[in-house]
Amino acid sequence: MGLRLDYPFELKSLKLSQDLAPVKFKLKSEDCVLGIGLTSRCNFNCPFCYYHDNQEITDLKSDLPLEILAQILKALFPLRAISFALEGEPFCYPHFFEALDLAKEATQEIRLCTNASLLTIKNQERLKDYPISQIALSIDGTDETSYAFMHQGGSFKRFLSNAKALSVNFGEQVILSSLLCEQNLTSILELPKLAYRLGIKTLNFTQFRPHKNALLRGIREASAKKLIETLEALKLKGQEFNLEMYFDGYAKDPLLNAWILKEKALHQVPKDDLFCPMPWFYTSILSNGTLFPCCGDFKPEPIKEYTFEGIFEHEYLTRLRSLIFQGEIPKACLECSHGSIKFCP
């Protein structure tokens, strides 16, 4: 497992702040969400992984020092939410529950994204001591064969056992999260039925973001036509099992963009609502201490000081706000897959 080194966009691709009209907007910490990559370690070797796309770099593992995390959360208190959902598997972080202790003091809402492999009954019991609002379980194959291919190093039986226990212990806070790529579209059609069996009521699907190592390992982006056919089939299955389902997808393909706009209209989202609010309330910090802005295709940048201003008023975010506010939407934003649309029920 290596680390991602190549990014299609970076800070210098955005206009300089002095060339942009300032956006008069007073940020409040209680309105902000902070994503945190505690570690780059993972016990899986998934071929599609966005954060680990360089197999030649195998020794660049990093853990966010606990003292730095404490400094960050103290400076940003109180936050609307903290999301441990970046880079590696959060349960591989050596001080995971100490990190939760710190987060508990900084926010009333903690979100997790995990492959579920280390969510033993003991760990699930410990999680009950924290204000967990969401646990997203990554699953990209719905039988032993497809799961083994998409989650190399994982066990499908263990996933099912842990997910079932989580749905009992945490109810509607548990969701299933799946990538959609050419290789798993057939398998993923069974996910609504599997969710129903597990007692999980919400599914989130994300379109695969192509990157070098995933392509080398045989993962391909599905065509817009095939993707839409799959989403429409999933919608019918979601209605059958009374599930809520969401989709994060690129709008750069005209066919897919038309489908997204149609689904927005069906759910009373204004057709012309293209304004992205994310740079105003969300950013993230990786385990090496760099800032990873709202879009995953931007190259991370150093943080000068771990303060509210140093993080949420970082040059990345101020430039993005000004550009979006003036209608000069950067290419990275036009190709972004953030901003889930609800497509079922």
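The computed Rg and Dmax of the Cα atoms in Å for the structure shown corresponds, within (1) 19.5, 55; (2) 24.7, 103; (3) 22.8, 70, to (1). Assuming charge only on the beta carbon of Lys and Arg (+1) and of Asp and Glu (-1), the dipole of the range 57-213 about its Cα centre is about 340 debye to the nearest 20.
Run through the DSSP bridge list for the chain and note the antiparallel percent, rounded to the nearest 5.
20 percent
Entry note: the range 141-219 has Rg to Rh equal to 0.99, where both radii use alpha-carbon atoms and Rh is the Kirkwood radius.
Computed from point charges on the beta carbon alone (+1 for Lys and Arg, -1 for Asp and Glu), the dipole magnitude for the chain about its Cα centre is near 520 Debye. For the range 149-296, the spherically averaged projection of the C-alpha convex hull amounts to 10.9 nm².
Between residue 157 and residue 77, the FRET efficiency estimated from the beta carbon spacing at R0 = 51 angstrom works out to 0.80.
A protection proxy built from the mean count of other Cβ atoms within 10 Å ranks the segments 290-298, 218-226, 170-178, most packed first, as 290-298, 170-178, 218-226.
With q set to 0.18, 0.20 Å⁻¹, the log10 of I(q)/I(0) for the range 225-345, from the Debye formula over equal scatterers at the Cα positions, is -0.97, -1.08. Cα centroid separation, the range 72-94 to the range 182-233: 27 Å.
Normalised by the residues of the range 208-328, what does the relative contact order come to in percent, with Cα pairs under 8 Å and at least six apart?
Across the range 208-328, relative contact order equals 13 percent.
Quick note on the range 5-130: its Rg to Rh ratio, both from C-alpha atoms and Rh being the Kirkwood radius, is 1.03. Heavy atoms of the protein chains alone define the surface here; on that basis the range 217-334 has 47 Å² accessible area per residue at 1.4 Å probe size.
Lys/Arg Cβ at +1, Asp/Glu Cβ at -1, dipole of the chain taken about the Cα centre: which of 249, 189, 33 is farthest positive-ward? Among 249, 189, 33, the one farthest towards the positive end of the dipole of the chain is 189.
The values are calculated or read from the model by the stated rules, or taken from the named source; none is laboratory data. The model shown is predicted, which means the values in this text are computed figures rather than measured ones. Cβ sites come from the backbone with ideal geometry, for glycine too, and all protein chains shown count toward neighbours. Please note that ligands, DNA and RNA were not included when accessible areas were found on the heavy atoms of the full protein model with its side chains. Shrake-Rupley method; radii C 1.70, N 1.55, O 1.52, S 1.80 Å.
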